[in-house]
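The values are calculated or read from the model by the stated rules, or taken from the named source; none is laboratory data. As the structure is a computational prediction, the values presented were derived from the model and not from experiment. We place every Cβ from the backbone using ideal geometry, glycine too, and count neighbours over all the protein chains shown. These accessible areas exclude ligands, DNA and RNA; they are computed on the full protein's heavy atoms, side chains included. Shrake-Rupley method; radii C 1.70, N 1.55, O 1.52, S 1.80 Å.
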Amino acid sequence: METDVILPDLQSAVLCEDVRCEINGMQTLVGVLSVIPAPALPINYIRLCIWTRWCSGAGKFRQRSRIVGVDEQQVIAQAEVEFVLKEMDGHATNVHYFGGVQFQQYGLHHVEIYLENELRMRFPLPVIKVTRPAG
């Protein structure tokens, strides 16, 4: 008998500099970002990560995560992953690692999380000019 697919809820999505898997199986999110401070452009990140957690669903799904530019057209980083939720009480945690991400403009970028090509979450990621203290 085939199980009905129940679309999951996106419990959380976090942009950070790294996700570490500890010996006990727990994950540590390092350098959680809500803004990209840049004294000059372009600014490069060796690694950026998008950490997501899905729950309250059942079936096989495809997640796509991306960072889009100020113009809402340019895709700065993108990744996809398939995952399975076997039971309603379970959860799935996905981590997308992006290498060599470069921001070339100041302004409001966005992080987008899709499930089966449907936008499920979108949040702002401002790239702002900062000045270095005179020293």
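Taken over segment 31-58, the criterion of being within 30 Å of Glu87 (Cα to Cα) and crowded, with 16+ Cβ neighbours inside 10 Å is satisfied by Cys49, Ile50, Trp51, Thr52, Arg53, Trp54, Cys55, Gly57, Ala58. The criterion of being surrounded by 11 or more Cβ atoms within 10 Å (Cβ to Cβ) and either touching a strand residue (DSSP E or B) at 6+ places or on another chain (Cβ under 7 Å) or of a type in the set (A, V, I, L, M) (or both) holds for Leu115.
Ala79 meets all of the listed conditions (1) over 22 Å from Gly25 (Cβ atoms); (2) modelled with pLDDT under 95; (3) among the small types (Gly, Ala, Ser) but one, namely (2).
The one condition from (1) open to solvent by 10 Å² or more (accessible area, probe 1.4 Å); (2) more than 20 Å from Lys129 (Cα to Cα); (3) of a type outside the set (Gly, Ala, Ser); (4) touching a Leu at 6+ places or on another chain (Cβ under 9 Å) that Gln73 does not meet is (4). Only a single item in (1) over 22 Å from Val35 (Cβ atoms); (2) open to solvent by less than 80 Å² (accessible area, probe 1.4 Å); (3) of a type in the set (A, V, I, L, M, F, W, C) is not met by Met88, and it is number (2). Scanning segment 82-131 for residues that are free of Cβ contacts under 8 Å to residues at least 24 places away in the same chain and either under 12 Å from the mean Cα position of the chain (by Cα) or farther than 23 Å from Gln27 by Cβ (or both) gives Glu118, Leu119, Arg122, Pro124.
Determine, yes or no, whether Arg53 is farther than 30 Å from Thr131 by Cβ and among the basic types (Lys, Arg).
Here the answer is yes, as Arg53 does meet what is asked.
All conditions in (1) under 20 Å from Val127 (Cα atoms); (2) open to solvent by 30 Å² or more (accessible area, probe 1.4 Å); (3) of a type in the set (S, T, N, Q); (4) in contact with a Ser or Thr (Cβ under 8 Å, 6 or more places away or on another chain) hold for Ser65, with the sole exception of (2).
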